[in-house]
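**Student:** I am attaching a structure below and will ask some questions about it afterwards.
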Amino acid sequence: MTATATLRTTTPRRARSVRARREARAGYAFLSPWLLGFVALTAGPMIASLYLSFTNYNLFAAPKFTGLDNYVRLFSDPNFLQAVKVTGLYVLVGTPLKLIAALAVAMLLNQPRRGQGFYRSAFYLPSLIGGSVSIAIVWKAMFIDKGIVAQIGSFFGGPPAGEGGWVGDPGRTLPMLILLTVWQFGAPMVIFLAGLKQVPAELYEAASVDGAGAVRRFFSVTLPMLSPVLFFNLLLETIHAFQIFNSAYIISNGSGGPAGSTLFYTLYLYLRGFRDFQMGYASAMAWVLVIVVGIVTVMLFRTSRAWVHYAGDER
Amino acid sequence: MSATQTQTRSVPTTAGEDRQTTPLLPPRTRRRRWGWKSVVFHVFALAVLVVILYPAVWMLMSSFKPGNEIIGSVDLIPRNGGFQNYVTALKGIGGISFWTFVANSLILAVASVVGVVLSCSVTAYAFARISFPGRRLFFACMIATMLLPFHVVIIPQYIVFNQLGLINTYWPLLLGKFLAADAFFVFLMIQFMRGLPRELDEAARIDGAGHVRTFVSVILPLMKPALVTSSIFAFIWSWNDFFGPLLYLKDPGTYTMPLALRLYVDQTSTSDYGAQMAMAILALLPVVVFFMAFQRYLVAGVATQGLKG
């Protein structure tokens with residue numbers, strides 16, 4: 001009796017373990033390209049750059065260990081501080097403006113009207129091309145010298161731009177680049193639209209019955225129901241904004257000028273690493289960026305508990 | 001679970017219902033949709049659209065203008081228009097044919113698409129359909145790479161590729177594509193696979209198919225929309241990529257379109273904005289063509305990204 005009982009339980013268990021082992025083998029086989037890439041192109045290089053950040057390395061002589069020297073030097077390097085300032089301003093101003101534009105247009109398009117698909121695609125287009133060198137060149141041509149932006153500005157009585165137009169004015173290059181990122185609001189807009197489609201219509205009806213106006217409905221229904229999507233967009237766009245490079249490189253001709261006003265973090269990192277070949281210093285910069293982005297991410301996740309609302313979510 | 005999910009997807013949602021039933025409504029009610037509210041909507045949406053697309057249209061029209069007519073001109077219609085700028089741009093740069101740059105970009109973009117489709121679909125299958133120890137941990141790692149600033153890996157990568165003598169080749173730019181390093185695509189495909197009914201896998205298993213067979217003959221054919229979306233994005237991103245080629249391609253003969261464009265802007269005198277605009281348009285042309293042809297896939301791809309994440 002007991003013998004058969006144990007037999008009965010062990011055979012399926014053994015079969016299950018055999019199958020589990022086979023599953024595991026298949027899993028790792030399918031995962032192997034990614035796993036190889038993860039080790040060789042991400043995890044390995046991360047460890048290597050962490051090590052390099054404690055050394056002096058110019059690509060030609062062997063790395064010389066210098067301890068925390070690179071990190072200490074960073075914080076007394078005026079260019080580094082400038083890069084932090086410019087990038088910080090860009091992230092803090094550009095990202096919210098971009099998301100507000102995205103949400104506003106998404107709200108506008110989220111109506112059962114004809115041509116909605118057309119508008120959605122057309123507004124999405126700048127997101128697709130905005131990061132390209134072509135658009136950076138166009139942006140420069142629009143803002144340079146007495147370009148069209150300067151003309152439109154003076155038409156509305158704005159103060160005249162100095163030599164070189166907005167491109168040559170250290171006070172205006174940042175607004176110019178922020179405009180370029182806001183222009184690319186299409187991708188978060190599409191995500192907002194998808195989120196808006198999932199808000200149950202009953203909620204709006206119930207709110208209307210209770211006498212809520214459009215503004216009240218927005219703040220009490222739309223925004224809470226949209227908060228997971230808002231959080232997603234905020235996280236991705238913030239991280240993205242930290243890494244602005246192409247437009248700054250093209251518009252300043254790789255210099256970060258005028259007067260360091262377009263010396264964004266990644267541009268300075270590039271110049272230090274790949275123009276001056278200070279690989280150790282650039283690695284330290286990269287790690288500071290990772291830590292800052294990591295802290296921002298964790299902070300966003302922490303605060304999200306207070307304002308992101310997962311309605312009846314089983315996941 | 002997954003079966004009900006796909007079912008609900010085909011059932012019109014409350015937001016779309018309204019639109020989908022319109023053709024069935026009698027003409028009168030249909031005409032009433034063009035009331036003043038609709039007019040206000042379209043006028044407003046079009047006005048915003050004009051402002052948003054103005055830079056793109058200005059760029060296109062400028063490419064037909066002579067150089068001295070571009071800067072400072074708000075006008076869209078060229079006064080002395082023509083294709084002269086394109087003739088100039090197509091001459092190439094410093095003895096290198098324009099078509100060399102196109103061919104370089106094309107080779108890179110097509111190879112990227114192949115790499116992404118192969119490696120990311122296989123990886124996504126592992127995450128979505130096979131249970132193995134460490135899956136959750138690896139999944140978290142995969143998602144984390146999406147948030148990681150890639151600058152932290154480029155320096156060691158550059159050092160290694162440099163020592164292997166791979167500067168001025170496309171290997172540094174392509175290796176990651178064949179090793180599923182673009183987590184965005186893996187994630188997109190996982191999301192899509194999760195929507196496919198598991199009963200299909202089970203039916204295949206009962207018929208004696210292993211994972212390879214199930215993946216190749218059941219899942220892969222059903223994944224076509226996700227593969228198309230990924231391919232288009234992979235193509236466009238590779239075509240537009242500037243940073244990677246800037247790092248690894250030093251010989252102008254290997255330049256891609258964005259690099260050639262920058263070189264062109266560097267070399268031409270600032271007064272020749274016309275040819276720069278023409279070159280910029282030519283560099284964007286494939287992207288815009290892809291957009292026109294596949295906009296639905298692109299928009300759907302972006303939309304799924306934010307949901308259920």
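**Student:** Please label the shape of chain A as rounded, prolate or oblate, based on the square roots a ≥ b ≥ c of the eigenvalues of the alpha-carbon gyration tensor (a/c under 1.5 means rounded; beyond that, a/b larger than b/c means prolate, else oblate).
**Tutor:** Taking the square roots of the gyration eigenvalues as a ≥ b ≥ c, chain A is oblate.
**Student:** Could I ask something else about it? Per-residue mean of other chain beta-carbon atoms within 10 angstrom of the beta-carbon, peptide B:139-150?
**Tutor:** 5
**Student:** Specify which residue in the list B:Asn168, B:Ile107, B:Leu298 is farthest towards the positive end of the charge dipole of the stretch B:98-306, using unit charges on the beta carbon of Lys, Arg (+1) and Asp, Glu (-1), about the Cα centre.
**Tutor:** B:Leu298
**Student:** Now a separate question. Measuring from label point to label point, each 7 Å out along Cα→Cβ, what is the A:Val18 to A:Val296 span in nm?
**Tutor:** The modelled label-to-label distance comes out at 5.4 nm.
**Student:** Sticking with this one: Measuring from centroid to centroid over Cα atoms, what is the spacing of the stretch B:249-293 and the stretch A:186-222 in Å?
**Tutor:** Rounded to whole Å, the Cα centres lie 43 Å apart.
**Student:** Using a Gaussian network model of chain A whose springs link C-alpha atoms within less than 10 Å, name the residue from A:Arg16, A:Arg114, A:Arg73 with the highest mean-square fluctuation.
**Tutor:** So, out of A:Arg16, A:Arg114, A:Arg73, the one fluctuating most is A:Arg16.
**Student:** Pick from A:Leu108, A:Leu234, A:Leu36: which is most flexible by mean-square fluctuation in a GNM of chain A where alpha carbon atoms under 10 Å apart are linked?
**Tutor:** Among A:Leu108, A:Leu234, A:Leu36, the largest GNM mean-square fluctuation belongs to A:Leu36.
**Student:** Give me the dipole magnitude in Debye, nearest 20, for chain A about the Cα centre, with unit charges on the beta carbon: positive for Lys and Arg, negative for Asp and Glu.
**Tutor:** Here the size comes out at about 1380 debye.
**Student:** Hey, can you grab everything whose amide H is under 5 Å from the amide H of A:Gly165? Only 5+ residues off in sequence or another chain; H modelled, so Pro and N-termini drop out.
**Tutor:** A:Asp145
**Student:** Any chance you could check the Cα centroid distance between the stretch A:92-153 and the stretch B:134-202 for me, in angstrom?
**Tutor:** Rounded to whole Å, the Cα centres lie 30 Å apart.
**Student:** OK, next. Report, in whole Å, the centroid distance computed from the Cα atoms of the stretch A:238-315 and the stretch A:30-69.
**Tutor:** Result: 19 Å between the Cα centres.
**Student:** Using a/c under 1.5 as the rounded threshold, could you call the protein assembly as shown rounded, prolate or oblate? The axes a ≥ b ≥ c are square roots of the C-alpha gyration tensor eigenvalues, and prolate needs a/b larger than b/c, oblate otherwise.
**Tutor:** Oblate, since a/c reaches 1.5 and b/c is not below a/b.
**Student:** Provide the per-residue ³J(HN,Hα) series for the stretch B:72-86, in order, calculated from phi with Karplus coefficients 6.51, -1.76, 1.60 and θ = phi - 60°, each as a whole number of Hz, with x at glycine and proline positions.
**Tutor:** x, 9, 7, 4, 8, 7, x, 7, 10, x, x, 9, 3, 4, 5
**Student:** Enumerate the helices in chain B for which the Kyte-Doolittle hydropathy averages -1.0 or more and the C-alpha atoms extend at least 18 Å along the helix's axis, using complete DSSP H runs.
**Tutor:** Span-like helices in chain B: B:36-62, B:98-129, B:135-147, B:151-163, B:224-240, B:273-306.
**Student:** For the stretch A:74-83, what does the Karplus curve 6.51 cos²θ - 1.76 cosθ + 1.60, with θ = phi - 60°, yield as ³J(HN,Hα) per residue in whole Hz, taken in order and with x for Gly and Pro?
**Tutor:** Using θ = phi - 60°, the values come out as 3, 7, 10, 8, x, 5, 4, 5, 4, 4 Hz.
**Student:** Over the stretch B:98-306, calculate the relative contact order: mean separation of alpha carbon pairs under 8 Å at least 6 apart, over the residue count, as a percent.
**Tutor:** 34 percent
**Student:** Using a 10 Å cut-off on Cβ atoms, rank the peptides B:196-203, B:168-175 from the highest mean neighbour count down.
**Tutor:** B:168-175, B:196-203
**Student:** Average partner chain C-beta neighbours within 10 Å, per residue of B:119-125?
**Tutor:** 4
**Student:** On a straight-distance basis, which lysines could pair with A:Lys146 in a cross-link, Cα separation under 21 angstrom, same-chain partners fewer than 8 positions away excluded?
**Tutor:** Output for A:Lys146: B:Lys65.
**Student:** If a/c stays under 1.5 just call it rounded; otherwise compare a/b with b/c (prolate if a/b is bigger, oblate if not). Do that for chain B, with a ≥ b ≥ c from the square roots of the Cα gyration tensor eigenvalues.
**Tutor:** oblate
**Student:** Quick one: which residues, 5 or more positions from B:Gly92 or on another chain, have an amide H under 5 Å from its amide H? H modelled 1.01 Å from N in the peptide plane, none for Pro or chain starts.
**Tutor:** Close amide H contacts, sequence-distant or interchain: B:Phe98.
**Student:** Under the Karplus relation 6.51 cos²θ - 1.76 cosθ + 1.60, θ = phi - 60°, what is the ordered set of whole-Hz ³J(HN,Hα) values for the stretch A:108-121, x standing for Gly and Pro?
**Tutor:** Coupling constants for the stretch A:108-121: 4, 7, 7, 10, x, 10, 5, x, 4, x, 4, 4, 4, 5 Hz.
**Student:** For every helix of n ≥ 4 consecutive DSSP H residues, a contribution of -39,500 (n - 2.57) applies; sum these over chain B, divide by its total residues, and give [θ] at 222 nm rounded to the nearest 500 deg cm²/dmol.
**Tutor:** It comes out at -22000 deg cm²/dmol, rounded to the nearest 500.
**Student:** Further question on the same structure: Tell me which residues come under 5 Å, amide H to amide H, from A:Thr55 once H is placed; ignore anything under 5 positions away on its chain.
**Tutor:** Residues meeting the criterion, in which the H sits 1.01 Å from N, are A:Thr66.
**Student:** Given a Förster radius of 35 Å and the C-beta distance between B:His42 and B:Val160 as r, what FRET efficiency does 1/(1 + (r/R0)^6) yield to the nearest 0.05?
**Tutor:** 0.05
**Student:** Straight-line reach from B:Lys37: which lysines fall under 29 Å, measuring Cα to Cα and dropping same-chain residues less than 8 apart?
**Tutor:** Answer for B:Lys37, where 29 Å is the Cα cut-off: A:Lys98, A:Lys197, listed by chain and number.
Coordinate-derived values only; no laboratory data. Nothing here was measured: the structure is a model prediction, and the numbers come from that model. Glycine also receives a Cβ, built like all others from the backbone with ideal geometry; neighbour counts cover every protein chain displayed.
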